Amino acid sequence: MREVLKDLLEAVAGGHTVGLGTVVRTFRSAPRPAGASMMVDADGRAVGSVSGGCVEGALYELATAVVEDGSPVLQRYGITDNDAFEVGLTCGGIMDVFVEPVSLATFPELQGVADDVAADRPVAVVTVIEHPDPAWLGRHLVVRPDGFEGTLGSSRADHAVSDDSQGLLAAGRNTTLMYGPDGERRGDGMRVFVASFAPQPRMLVFGAIDFAAAVARQGSFLGYRVTVCDARAVFATKARFPVADEVVVEWPHRYLQAQLDAGQVDPRTVVCVLTHDPKFDVPLLEVALRHDLAYVGAMGSRNTHDDRLGRLREAGLTEAELSRLSSPIGLDLGSRTPEETAVSIAAEIISLRWGGKGTRLSHMDVRIHHEPLVDGAHGDPAVDSKVP
């Protein structure tokens, strides 16, 4: 919903009812992830995309009908080859799209959600997408770190779903959760979709060198909030790193520890150590490898890497902690220039996030898209693995 939120808010604030379609489940090679949205406003204008063009025509008609009828619909696209061909979903994927009418009456908390997103405050929107009682369909619960707003239909359901959504919000994940009709954890009948709007994940780039500028550009392109840090003020300047969201002059290990202490680093954070200078990178890696981060990579030759490991062992790091280190940094792409090296680093980050192997797709005979492992107690394995 993030990509259509501005237009959605403007239409709803103007007193209109909007048809909103959101991808809530995907299987196989679906073109867009869960959370992708498309809206159709009162003037018939379509904003956003759920499939990159495959099913938008069919969804447009359905969203228009939902606004007229007032009843939400959970629609599956791509169930069979014939269905896929008819709507244009020829990638072989399957997606479930929840289509709902959105107005001030159906979603009075929308303005508060938009305010949170604009201010980079974490917030999640829970929507009932399946329930034996049609009256529950389309109800929303807005979940924040300190509580929730709205109701799904009962206090029991609100508290159960809110508790489980907190973990998804902290991880910035979108997924579906299954419960009994009244929120019973051991049951089925009610399925909700949790859309998490967490602040941007962070990329911390240490070492104000030419490679850092290229890595910062890649990080920004991938959607990270990028910080470049170096203890040398003459090199760590905004002029040299215009794409970075912030440039910090500080000893790297002190900066990272301060960010950890302030709660500004989470398990989605990636760290790229490009200093290849022991007096900077060893103290920094001592801090980084002892915490739960998405990625810690360090630049340097294999000789530098071996020397670095020896110093880190002397500093007391365990083999389990050292195993978190990606060094030499990046994938084997044969890269030489700073820009090519930045692509190899970005490729390694993506590979570790989604479980890819970096193998040429033309040499493989398996599905293209990967998903992370299920990390919620009530996650749907069919959703998270994309295996129906």
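Length gain on complete extension for the stretch ALA65 to GLU340, per 0.36 nm per residue less the alpha carbon to alpha carbon distance?
Roughly 94.1 nm would be gained on extension.
Among the trypsin sites (Lys or Arg not before Pro) in the range 199-277, which ones are in a DSSP loop with at most 14 other Cβ atoms within 10 Å of the Cβ? Mind listing them?
ARG232, LYS238
Collect residues whose amide H, placed 1.01 Å from N in the peptide plane, falls under 5 Å from the amide H of GLY183; neighbours closer than 5 in sequence don't count.
HN-HN under 5 Å from GLY183: empty list.
With springs only between Cα atoms under 10 Å, which of ILE94, ILE350, ILE129 fluctuates most in a Gaussian network model of the chain?
ILE350
Through the Karplus equation 6.51 cos²θ - 1.76 cosθ + 1.60, θ set to phi - 60°, convert the phi angles of the range 36-45 into ³J(HN,Hα) values in whole Hz; use x for Gly and Pro.
Ordered by residue, 3J(HN,Hα) equals 5, 9, 9, 10, 10, 8, 5, 8, x, 8 Hz.
Identify which of SER351, SER165, SER37 has the largest mean-square fluctuation in a Gaussian network model of the chain, with springs joining Cα atoms closer than 10 Å.
SER351
Just need the relative contact order of the range 96-177 here, percent rounded to a whole number, with Cα pairs under 8 Å and 6+ apart.
This gives 22 percent for the range 96-177.
Comparing MET364, MET203, MET190, which has the greatest mean-square fluctuation in the GNM of the chain with Cα pairs linked when under 10 Å apart?
Residue with maximal mean-square fluctuation among MET364, MET203, MET190: MET364.
Let me check against my output: what whole-number percent is the relative contact order of the chain, with C-alpha pairs under 8 Å and at least 6 apart?
Relative CO of the chain lands at 12 percent.
Once both labels are modelled 7 Å past Cα along the beta-carbon direction, what's the GLU10-ASP261 spacing in nm?
Distance between the two pseudo-spin positions: 4.5 nm.
Could you give me the ³J(HN,Hα) list for the range 244-255, computed from phi with Karplus coefficients 6.51, -1.76, 1.60 and θ = phi - 60°, whole Hz, x at Gly and Pro?
Rounded to whole hertz, the list is 4, 6, 7, 10, 10, 9, 5, 5, x, 5, 5, 5.
Report, ordered by chain and residue number, the aspartates and glutamates lying within cross-link reach of LYS279, taken as a straight Cα distance under 17 Å and ignoring same-chain residues fewer than 8 apart.
Straight-distance partners of LYS279: ASP230, GLU250, ASP306, ASP307, GLU314.
Between helix 338-354 and the chain, what is the angle of the helix's C-alpha long axis to the longest principal axis, kept within 0 to 90° and rounded to the nearest 10?
Taking the Cα atoms of the chain, the angle to 338-354 is about 50 degrees.
Can you tell me the Rg and the Dmax, both Å, for the Cα atoms in the chain?
23.0, 69
So how exposed is THR17, as accessible area in Å² (1.4 Å probe, rounded to 10)?
Accessible area of THR17: about 50 Å².
Quick one: which residues, 5+ away or cross-chain, put their amide H under 5 Å from the amide H of HIS276? H built at 1.01 Å from N.
MET299
On alpha-carbon atoms, Rg over Rh for the range 153-277 using Kirkwood Rh?
Radius of gyration relative to Kirkwood radius: 1.20.
The values are calculated or read from the model by the stated rules, or taken from the named source; none is laboratory data. As the structure is a prediction and not an experimental result, all values here were calculated from the model. With ideal geometry, Cβ positions are generated from the backbone for all residues, glycine too; neighbour counts draw on all protein chains shown. Ligands, DNA and RNA are stripped out before the accessible areas are found, and what is left, the full protein with its side chains, is counted by its heavy atoms. Shrake-Rupley method; radii C 1.70, N 1.55, O 1.52, S 1.80 Å.
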